[in-house]
Amino acid sequence: MKRREFITLLGGIAAAWPLAVRAQQPAMPVIGFLHPASPDTIADRLRGFRQALKEAGYVEGENVAIEYRWAEEQIDRLPALAAELVRRRVAVIATAGGPTAAFAAKAATTTIPIVFVVNEDPVKLGLVASLARPGGNLTGINFLSGELVAKRLELLRELVRAVSRLAVLVNPSTGNAETIVKDLETAARAIGAQTQVFNASSGREIDTAFAALVGERPDALFVGPDPFFLSRRVQLVNLASRHAMPATYSTRDFAEAGGLMSYGTNLTDIYRQVGVYTGRILKGAKPVDLPVLQATKFELVINGPDSKDARPHGAGQAGRACRRGDRMRRV
C-alpha cells in the first residue's frame, strides 16, 4: 500500500470512530409528564419532582429528557396528549392532577410504566388491583384529600363555630366530585348541618356559583380538592373575602393566597415521591414491585384575623398555624 493511500485510510478510520462510539452509547431516556392544568400552577411542585430525579442520578437536559403535556384545564384533551406520549415512546409516564390524567394514560398504554398521583383510593377507582401489589403497569401515590373531607369539616367547625348551612363548591368535570359530595353530606349530617352543592368548571362559572351561593347565605364554604380550583385560587380567595365567607381549602396554596384555612398533604413532597418512583423505574424497577404509597401526615394552615376570607367571629382561634411535613406509608 502506498504511503498516501495508507494516510487516507487512517484518516477515514479516525473520522468514523466517533460515529461508531456514539452509535454504541445508549439513547437518553425520555419521561412523559401528563397534567390536566398548566405549568404555572405547579411550578414549585415540579422542582420537587426534578430534585428527586437528580438525587436518583437523572438531570433534565443532561442524561434524561422530559416531555411535558399540559391540558390547560381542558380535560377532554388528556387522552390525545397521553397518546402523543405513547407515540413518543417514552420510558415512563408520570401523571398528576387527579384521576383523569391517570386514566387517560392507562387507556393509552398497557406496557409503558405509569406513576400516578391521585386524591382517592386507587383500588376503588380501578387503577390498581391492590395497594401492596398494584399489578399491571401502574403504581403511584394517594394523597388522600378525598378521605379528608370529614376532618376538614371538623376543623372548619372548630374555627367558625356555628355551621348549620354549608355551601360546597366542586368541579363536575373531574371524576371525584360525586364522591366528595357524598362523603361531605354524610359528615355534615353527623353535626346537624345542611349542604348545598354548587358546580364550577371555568372562571366564569366560579363567579356565577358565588353569586348564587351568597344569595343562600351559608355559614361557610367548603371548596372541593381539584387542580382547576388550585389554578383559580386567587379568584376563589378574593371572592370569599369580598363576600365575608369563611372557607376551607385542600392545600396550603390557598392559605398562602390569603384563604382562611387549609388542611391536606404537602403536595411538593408528593411530587418528589413521584420523582423517586420514576427514577427507580428508569433504573429497571417494575410498577408491580412498587407498592402504592399513602400519605400519613398532613398540614393544617390557619391564617390570622387579617386573612382575606376570615370573619370576625372566627378571629378568636385564627392566628394559630400548624405546618407538618408529610411521610409516605408503605402498605
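The values are calculated or read from the model by the stated rules, or taken from the named source; none is laboratory data. Nothing here was measured: the structure is a model prediction, and the numbers come from that model. No Cβ is skipped: glycine too gets one built from the backbone with ideal geometry, and neighbour counts run over all protein chains shown. Side chains included, ligands, DNA and RNA excluded: accessible areas come from the protein's heavy atoms. Shrake-Rupley method; radii C 1.70, N 1.55, O 1.52, S 1.80 Å.
Hand me the GluC sites (Glu not before Pro) from region 30-94 located in a DSSP loop with no more than 10 other Cβ atoms within 10 Å, in residue order please.
62
List the residues, sorted by chain then number, that are 5 or more residues from residue 37 or on another chain and whose placed amide H is less than 5 Å from its amide H.
Residues meeting the criterion, in which the H sits 1.01 Å from N, are 71, 72, 73.
Looking at 215, 244, 265, which one has the Cα that reaches farthest to the positive end of the dipole of region 176-266 (charges on Cβ: Lys, Arg +1; Asp, Glu -1)?
Towards the positive end, the residue furthest out is 244.
Residue by residue, what Karplus-based ³J(HN,Hα) values in Hz, rounded to whole numbers, does region 133-144 have, using 6.51, -1.76 and 1.60 with θ = phi - 60° and x for Gly and Pro?
So the J values, rounded to whole Hz, are 10, x, x, x, 10, 10, 7, x, 10, 10, 9, 6.
Hey, can you grab everything whose amide H is under 5 Å from the amide H of residue 140? Only 5+ residues off in sequence or another chain; H modelled, so Pro and N-termini drop out.
Distant-sequence amide H within range of residue 140: 116, 292, 293.
Run the simple label-point estimate for residue 194 and residue 182 please: 7 Å along Cα→C-beta, distance reported in nm.
So the label points at residue 194 and residue 182 sit 2.4 nm apart.
Work out the FRET efficiency for residue 89 and residue 296 from their Cβ-Cβ distance, taking R0 = 45 Å, and round it to the nearest 0.05.
That pair, residue 89 with residue 296, gives E of 0.80.
Looking at region 64-95, which trypsin sites (Lys or Arg not before Pro) are in a loop (DSSP not H, G, I, E or B) and have at most 16 other Cβ atoms within 10 Å?
88, 89
So which chymotrypsin sites (Phe, Trp or Tyr not before Pro) in region 215-292 end up in coil per DSSP with only 16 or fewer other C-beta atoms within 10 Å?
none
About the Cα centre of region 37-140, what is the dipole size in debye to 20, counting +1 per Lys and Arg Cβ and -1 per Asp and Glu Cβ, all else neutral?
360 debye
Given a 1.4 Å probe and every protein chain left where it sits, what share in percent of the accessible area of region 51-96 is carbon and sulfur?
45 percent
When the accessible area of region 98-228 is computed with all protein chains present and a 1.4 Å probe, what percentage of it is carbon and sulfur?
C and S fraction of accessible area: 50 percent.
Pop out the ³J(HN,Hα) list for region 243-251 in order, Karplus 6.51 cos²θ - 1.76 cosθ + 1.60 with θ = phi - 60°, rounded to Hz; leave Gly and Pro as x.
Coupling constants for region 243-251: 9, 6, 10, x, 9, 10, 10, 8, 9 Hz.
In whole Å, what is the distance between the alpha-carbon centres of region 192-240 and region 130-165?
Distance between centres, Cα-based: 19 Å.
Rounded to the nearest 0.05, what FRET efficiency do residue 283 and residue 147 give with R0 = 30 Å and r taken as the Cβ-Cβ distance? Could you check?
That gives a FRET efficiency of 0.40.
Can you give me the long-range amide H partners of residue 249? Hydrogens built in the peptide plane at 1.01 Å from N, cutoff under 5 Å, separation of 5 or more residues or another chain.
Answer set, sorted by chain and number: 261, 262, 263.
So if R0 is 41 Å, what FRET efficiency would residue 214 and residue 107 give, r being the distance between their Cβ atoms, rounded to the nearest 0.05?
0.55
Taking 0.36 nm per residue of separation and subtracting the Cα-Cα distance, what length does fully extending residue 74 through residue 242 add?
This chain segment gains 57.7 nm when fully extended.
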